[in-house]
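The values are calculated or read from the model by the stated rules, or taken from the named source; none is laboratory data. Source: prediction; values computed, not measured. Every residue, glycine among them, receives a Cβ derived from its backbone with ideal geometry; neighbour counts consider all protein chains shown. Note: areas computed on protein heavy atoms with side chains; ligands, DNA, RNA excluded. Shrake-Rupley method; radii C 1.70, N 1.55, O 1.52, S 1.80 Å.
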Amino acid sequence: MALAGDEPFSPSVLGTREHWDAAYERELQTFQDIGDTGEIWFGEESMVRIIRWLEKHKVPLDSSVLDIGTGNGVLLVELAKSGYMNLTGIDYSPSAIQLSEKVRDKEGMSNIKLKVEDFLAPSAELSGFDICIDKGTFDAVSLDPSDAAGKRRLYVASLGRLLKPEGFFLITSCNWTKEELLDEFREGFEVLEELPTPKFCFGGRIGNSVTALVFQRKKVRPSILDKLD
């Protein structure tokens with residue numbers, strides 16, 4: 001356990017934009033060469049888990065969905081195949097967006113919107129989403145060698161601005177436990193459900209190698225000044 005003031009994880013190149021730019025430049029070249037879309041973060045079962053939750057809770061197909069750190073955009077393609085129509089993917093790596101555009105176009109999913117955006121400093125036009133999805137982006141932010149704690153706070157603040165009150169936030173992480181994520185998102189969000197993920201057994205103890213949670217943004221309570229108006 002980290003001491004007060006310590007970072008929970010050691011800094012890593014996985015938390016830098018330079019690493020992801022280089023990684024997606026390679027994946028873009030590979031796609032152009034052989035048509036391979038590249039790595040699916042957390043495997044296909046992670047996408048199935050998200051889509052099943054949306055379908056189980058009858059989330060309307062016209063709900064606005066934001067994929068945070070979309071990478072190759074494959075999750076958005078699968079959501080589109082499941083009938084979801086209002087889909088947006090953002091990534092701070094231009095190469096990732098170029099790759100996701102090519103994957104989108106190959107699959108004929110022209111309704112998917114893709115943009116180069118830094119989630120920690122989003123443009124004003126990004127707002128009012130019913131659902132935000134994160135598969136590994138918060139993990140990467142947490143490994144940033146430059147002020148990871150401050151950037152995690154920026155992440156939570158951005159999520160609060162972009163997600164509608166009572167909107168859903170689905171996060172999949174391999175770095176954080178359920179309890180730690182509850183603490184990270186305690187301001188403005190409440191957990192609704194923990195989604196089932198693969199379990200492992202080591203030394204007689206059973207645990208999860210991946211954590212998947214569904215949060216809901218809390219309603220904004222009107223202030224006394226609002227009531228006076």
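Annotations
- With a threshold of 27 Å on the Cα-Cα distance, the over-threshold entries among Lys58/Lys178; Lys115/Lys178; Lys113/Lys135; Lys58/Lys113; Lys102/Lys135 are Lys115/Lys178.
- Modelled this way, with points 7 Å down the Cα-to-C-beta line, the labels at Arg52 and Leu120 are 3.4 nm from one another.
- On segment 74-201, 51 percent of the accessible area sits on carbon and sulfur atoms, based on a 1.4 Å probe.
- Residues whose amide H lies under 5 Å from that of Leu126, counting only those 5 or more places away or on a different chain, are absent; hydrogens are built 1.01 Å from N in the peptide plane.
- Heavy-atom surface of segment 137-183, accessible at 1.4 Å and reported per residue (Å²): 40 Å²
- Label point 7 Å beyond Cα of Glu187 along Cβ direction - residues of segment 116-135 with amide nitrogen under 16 Å: 120-121
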